[in-house]
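What follows is a set of notes on a single structure, which appears directly below.
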Amino acid sequence: MVFSLTSFSLWLALLTPLCNSAELLNSVKPFQNLQYVNLPTGLCNGLSASILWEVNGKEYSGLICDRDNSSHIFLQKLVSYTSNGKAIWQIVSVETLPKPKAGELLVNAGCFDKNDKSKPIIALVKDLGSQPYKIVRAWETNLIKEKFEEINSTQVVCYDPFVDEPLGR
């Protein structure tokens, strides 16, 4: 089920009754290529947004959507703004993952490629109580192709950006 609607108001009118559907809320794939201002209530148990990246004049953001039985990574593109200044996003790529195991978490801040620190990276890490995290899996956000590409986890380092650590990174 993929929608391709250009009118935000038409999309919102069509999406509202669908959001009450348990079938739609059990899957996030139907949201790929859709535009939104606010994600439907109940879609994600936990939601984490990353900083914006820009390429070719387009701004992007990554979202981590935690659900009961799975987690999802969304790549979204800033499309425009509503008349009252709220951002309208389009989900351009969705990566579905199994629910992280105990002690694991998806992070979208504080990670970088050891060879190119400018690459936007999202990683599944294991928190062993020290920094850096142990990397389980990692994805580079390819903004030209507008998709996530899994990369070798040994080339990635992740630190908790909110913990004071020596900057000998």
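Filtering segment 36-60 to residues that are more than 21 Å from Leu97 (Cβ to Cβ), open to solvent by less than 50 Å² (accessible area, probe 1.4 Å) and not hydroxyl-bearing (Ser, Thr, Tyr) leaves Val37, Val55. Among the residues of segment 61-72, is any more than 18 Å from Lys147 (Cβ to Cβ), open to solvent by 60 Å² or more (accessible area, probe 1.4 Å) and not small (Gly, Ala, Ser)? Yes - at least one qualifying residue is present in segment 61-72. From the list Leu47, Leu14, the one residue that fits, being modelled with pLDDT under 90 and in a helix (DSSP H, G or I), is Leu14. Of the residues making up segment 125-163, those that are closer than 25 Å to Lys58 by Cα and either in contact with a Leu (Cβ under 7 Å, 6 or more places away or on another chain) or outside any loop (DSSP other than H, G, I, E, B) (or both) are Ala138, Trp139, Glu140, Thr141, Asn142, Glu146, Lys147, Phe148, Glu149, Glu150, Ile151. If the condition is being in a loop (DSSP other than H, G, I, E, B), among the aliphatic types (A, V, I, L, M) and open to solvent by 50 Å² or more (accessible area, probe 1.4 Å), then segment 83-124 contributes only Ala102.
The values are calculated or read from the model by the stated rules, or taken from the named source; none is laboratory data. This structure is a prediction, so every number in the text was calculated from the model and none was measured. Cβ atoms come from the backbone with ideal geometry, glycine included; neighbour counts cover every protein chain shown. Note: areas computed on protein heavy atoms with side chains; ligands, DNA, RNA excluded. Shrake-Rupley method; radii C 1.70, N 1.55, O 1.52, S 1.80 Å.
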